[in-house]
Structure formats: C-alpha cells, structure tokens
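J.: First, the structure itself, so that you have it in front of you.
Nothing in this text is a laboratory measurement; each read-out follows from the coordinates by a stated rule. Keep in mind that what you see is a predicted model, and the values were worked out from it rather than measured. All Cβ positions, even for glycine, are placed from backbone atoms using ideal geometry, and neighbour counts span all protein chains on display.
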Amino acid sequence: MLAKIDAHAGGRVEGAISTLENVIALRDAGQHTAAGEKAVLALRELGVAYPPLDWDFTWQSIAAQTIAALNAIREELSSD
C-alpha cells in the first residue's frame, strides 16, 4: 500500500503506524503482565513519562496521538 503514495506521505503513514503500534503495546500490557517492558518503551516513544505522574494527562496525550495517527493515515490514503 505504501508503494502507491509519495515519499512524504509514506513517511507520515509510517510514523502514524508506529504510533498505533505503541498504543497497541500499551493495551497489551494492560491485558498481559509479560508485556510490561514493551509498554515502558512504548510510553517513552509516545513522549509520556514512566511511571505516569498524571493519569488524566497521560490518557489525553495517548488518545490525541491515536486520533492524529488515524487521521494521518486516512488523509494520506484518501488523497490521490
């Protein structure tokens, strides 16, 4: 799919996918304690302190990044 879009769009989509992979790692850690180390790395990649000092801020940041990533993918794949 990335072969069908230009280099700038491809970079944007790849960055968005990386963000979503980090969010999935956080979700996995909530379900599987063995995934905890990966979650710590994911938080760092998302720019969130570990341990989170303010859960409300942490959730808002992760939610905003998830929405931005999904929007980036949608925008790049729908623009021809």
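J.: Could you list, ordered by first residue, the pairs with Cβ atoms under 7 Å in which the first is in the stretch 28-41 and free of Cβ contacts under 8 Å to residues at least 24 places away in the same chain and the second is assigned to a helix (DSSP H, G or I) and among the basic types (Lys, Arg), at least 6 apart or interchain?
T.: Going by the 7 Å Cβ cut-off, the qualifying pairs are Ala29/Lys38.
J.: Filter the stretch 32-80 down to residues that are part of a loop (DSSP other than H, G, I, E, B) and hydrophobic (A, V, I, L, M, F, W, C), then give me how many there are.
T.: 4
J.: Moving to a separate point now. Can you say whether Ser78 is surrounded by fewer than 17 Cβ atoms within 10 Å (Cβ to Cβ), out of contact with any Ser or Thr (no Cβ under 8 Å at 6 or more places or on another chain) and without any contact (Cβ under 8 Å) to a residue 12 or more places away in the chain, as far as the supplied structure shows?
T.: yes
J.: State the number of residues belonging to the stretch 44-67 that are among the aliphatic types (A, V, I, L, M) and more than 18 Å from Ala16 (Cβ to Cβ).
T.: Of the residues in that region, 2 qualify.
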